[in-house]
Amino acid sequence: MNPVAAFLFAAVLGGSGGQAATPPTVPERNDLEKRLSALHRRAEGVKPGTAGGQALCRELGEVGRGYLDAGDPGRAIEILEEAYEWDNDDGLVLAELTLAYVRAQQYPFARLYLELAEERAPHAPPEAYAALGEVYYSLNRVEDALLAWELFQRLGGEDPRVLRRLAHVRSELSLAAGQKFLGTDDFSVYFDAAVPKEAVEEIARHLGEAYREESAEVEARLPAEQVVILYAGRAYFSLVSIPDWVSGVFDGKIRVCVDPDGGITPQLEAVLSHELAHALIRRASRDRAPGWLHEGLAQWWEGKRILRKEFKEVLGGRTPFTLDELEGNFARRADRATARASYAEALGLVEYLLQERGMGSLACVLRDLAEGASLAETLQRETGFSSRELVSRWKLWASL
């Protein structure tokens, strides 16, 4: 694996969408320490900033990256700081030091090295700073994400997706001004000043209860505190063109539009449970669950139900979609009537599977997807249905 690819792997590892890293085993640690000792012996007589010093920087960086990959940011920091002393202009080592301090939750030091990279690393790989921006953004450290993505652009990065993220985060920062913070064991809640703190505390309590229930059923836990952002009004939703009939969205963060004067209503609690479900489904499936399963389970956990005899009316006379058609509907912004029918069918499929196979089978579907199985394989293995059979049996069950 080349150094930049290894860095990108380390950036994803342990992040909001990835599996948490495990500490290095004794043999792995011994190998890393042996290599470190050999580099220390080789360093005798070498001066920082020379060709020899630059080579030592790169190789010490590889050792530090090994510890970072394995989930030991403390030891990675020690070694990467040593690497930095040999070559202050190595942009990849500066990026690795920033990431290591982020993983250690020592954000002021991470910011220091990010700013040093801005000053001293004209030839750093832009991909590293694109990845750092994603890590920061997942933690709702929007200003740090902005700096990382601006550095990506300054280094010549041209990925249009990253440049769109940069433009988006510049707009989002104006909306985040004045937000307050409430932390719990499982959630980091940011909220507009207009949202009463008492309402935020009640929201955090509801999320905690929903998390205990949903995580037990899906057999997964989030790897870190889930970021939740509560907006007083629809300014952010307008920024990203969310339809006016949608009051919650999950994009790695749970974002919910809250009426500051409306109190904690059953509708608000349902939205919170729904968006939390998306976070858990993404985690349990390693972001491989199809849209219909996401939306079906999320609606189930928010408490929504449709009686079997009601599906014909809810679908509005439409022919039920195939699973591929459902996936296309959820992947794009369908019109409201199509979206309504798609959500209803997704819930119906999940209701049918829960009745026929139970929640345990769906938890196994998510686990199999996380392990790399295709949807067709895991449906057949865990439910006994092919994709086509699932839809046809649901149609019979729902009298369609």
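Considering only residues in region 236-290 that are free of Cβ contacts under 8 Å to residues at least 24 places away in the same chain and in contact with a Phe, Trp or Tyr (Cβ under 9 Å, 6 or more places away or on another chain), the one that is nearest to residue 171 (Cα to Cα) turns out to be 237. Scanning region 375-388 for residues that are of a type in the set (D, E, K, R) and touching a Ser or Thr at 6+ places or on another chain (Cβ under 9 Å) returns 382, 388. Considered as a group, the residues in region 323-379 that are aromatic (Phe, Trp, Tyr) and under 25 Å from the mean Cα position of the chain (by Cα) include one that is nearest to residue 308 (Cα to Cα), and that residue is 343. In region 320-327 there is at least one residue that is assigned to a loop (DSSP other than H, G, I, E, B) and surrounded by fewer than 19 Cβ atoms within 10 Å (Cβ to Cβ). Residues that are closer than 16 Å to residue 315 by Cβ and among the charged types (D, E, K, R) within region 329-362 comprise 335, 336, 340, 345, 351, listed in sequence order. Elements of the type helices (runs of 4 or more DSSP H) sitting completely within region 93-201 and holding at least 2 residues that are in contact (Cβ under 8 Å) with a residue 60 or more places away in the chain: these cover 126-138, 160-176. Being within 23 Å of residue 326 (Cα to Cα) and either hydroxyl-bearing (Ser, Thr, Tyr) or outside the structural domain of residue 236 (by TED's automatic domain parsing) (or both) is a description that does not apply to residue 252. Being touching a residue at least 40 places away in the same chain (Cβ under 8 Å), more than 30 Å from residue 365 (Cβ to Cβ), exposed (fewer than 14 other Cβ atoms within 10 Å of the Cβ) and within 22 Å of the chain's Cα centre (by Cα) is a condition met by no residue of region 210-231. Sub-6 Å Cβ pairs linking a first residue in region 27-44 that is free of Cβ contacts under 8 Å to residues at least 24 places away in the same chain to a second residue that is assigned to a helix (DSSP H, G or I) and of a type in the set (Asp, Glu), at least 6 apart or interchain, number zero.
From the list 220, 224, 216, the lone residue that is in a helix (DSSP H, G or I) and aliphatic (A, V, I, L, M) is 216. Taking helices (runs of 4 or more DSSP H) that do not extend beyond region 1-85, which have at least 2 residues that are at pLDDT below 85? Ranges flagged: 3-12, 26-42. The single condition from (1) at pLDDT below 90; (2) more than 30 Å from residue 364 (Cα to Cα); (3) of a type outside the set (D, E, K, R) that residue 257 fails is (1). Take the residues of region 47-75 that are without any contact (Cβ under 8 Å) to a residue 12 or more places away in the chain and more than 26 Å from the chain's Cα centre (by Cα): which is farthest from residue 123 (Cα to Cα)? Among those residues, the one meeting the criterion is 47. Which condition breaks for residue 307 when tested against (1) farther than 16 Å from residue 219 by Cα; (2) at pLDDT 95 or above; (3) of a type in the set (A, V, I, L, M)? Every listed condition holds for residue 307 apart from (2).
The values are calculated or read from the model by the stated rules, or taken from the named source; none is laboratory data. Owing to the predicted nature of the structure, the values given are computational and were not obtained by experimental measurement. Neighbour counts run over all protein chains shown; Cβ positions are idealised from the backbone, glycine included.
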